[in-house]
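Shown next, in structure tokens, is the structure this report addresses.
Just so it is clear, none of the values below were taken in a lab; they were calculated from the coordinates. Nothing here was measured: the structure is a model prediction, and the numbers come from that model. Please note: Cβ atoms are built from the backbone with ideal geometry, for glycine as well, and neighbour counts cover all protein chains shown.
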Amino acid sequence: MRRGVAIEDYLKPLENAPLQCYLTNVLQVADVVEWVLKQVGKSTIWQTSFSISEEFLRRLYFISKSGLVDRINLVLDFKATNKTLKLWSFLTQVIETTYLADNHSKVILIKAESGQTVSIITSQNLTRGNRMESAVVTTDPSVFSVFLADMEDLIQNHSVPLTELLNEKIEHASNPSIDSADDDATPGSC
């Protein structure tokens, strides 16, 4: 968020506005997540995005350290794998589980320990930018339920846990004989 700008200039407290939206280049999605968490308390978060940046992870790290986050689940796109792997060591300190899928959605679901739910549907990746971005923020439980069911299906049936890919890459790098053994095999040979 730009200096001198208050989030309240764009969003009303959740209890006063169960459905609201914005289109601006002033707010960052991390600002909105933190703003929601301060209102609902300690929560579990599910996020989908095409990609994630170090700056956004840093914000999530400090938000988590404040005690407002119980667990974070993340789905990113396969096409952003190289960028994601570069952030791996930091990512594992902040995000509980990360998955890769064919994903371009940008949805953040927040479920407080109290049971209160908030859905943020945004155009912004989990990055920082100065472009015009839009979002809809709602406390409607039916919206949350639909997105959570779809996200759980995406995770369970259409994604790969990033830890699996990374472990395969590490195993492959540490044991190059795996490829040479496969290369020497001829069809029908044992």
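What the table shows:
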{"item": "Radius of gyration, Dmax [the stretch 16-109; alpha carbons; angstrom]", "result": "13.4, 42"}
{"item": "Residue order, fewest to most beta carbons within 10 Å, for Glu164, Glu34", "result": "Glu164, Glu34"}
{"item": "Options (i) 29, 23, 18; (ii) 35, 24, 12; (iii) 37, 17, 15 - which one matches semi-axes √(5λ) of the Cα gyration tensor in Å as calculated here", "result": "(iii)"}
{"item": "Distance-filtered residues of the stretch 44-68 - backbone nitrogen under 15 Å, label point 7 angstrom along Glu113 Cα→Cβ", "result": "44-45, 64-68"}
{"item": "Rounded Å value of the spacing that divides the Cα centres of the stretch 133-159 and the stretch 91-105", "result": "15"}
{"item": "R0 of 41 Å, Cβ-Cβ distance Lys65-Asn175: FRET efficiency to nearest 0.05", "result": "0.65"}
{"item": "Residue order, fewest to most beta carbons within 10 Å, for Trp35, Trp88", "result": "Trp88, Trp35"}
{"item": "Computed [θ] at 222 nm, deg cm²/dmol, the chain (DSSP H ≥ 4; -39,500 (n - 2.57); rounded to nearest 500)", "result": "-12000 deg cm²/dmol"}
{"item": "Percentage relative contact order, the chain, counting C-alpha pairs under 8 Å, at least six apart", "result": "25"}
{"item": "Förster radius 41 Å - calculated FRET efficiency between Asn16 and His158, Cβ distance, rounded to 0.05", "result": "0.65"}
{"item": "Cβ-derived FRET efficiency at R0 30 Å, Ala6 paired with Phe90, nearest 0.05", "result": "0.55"}
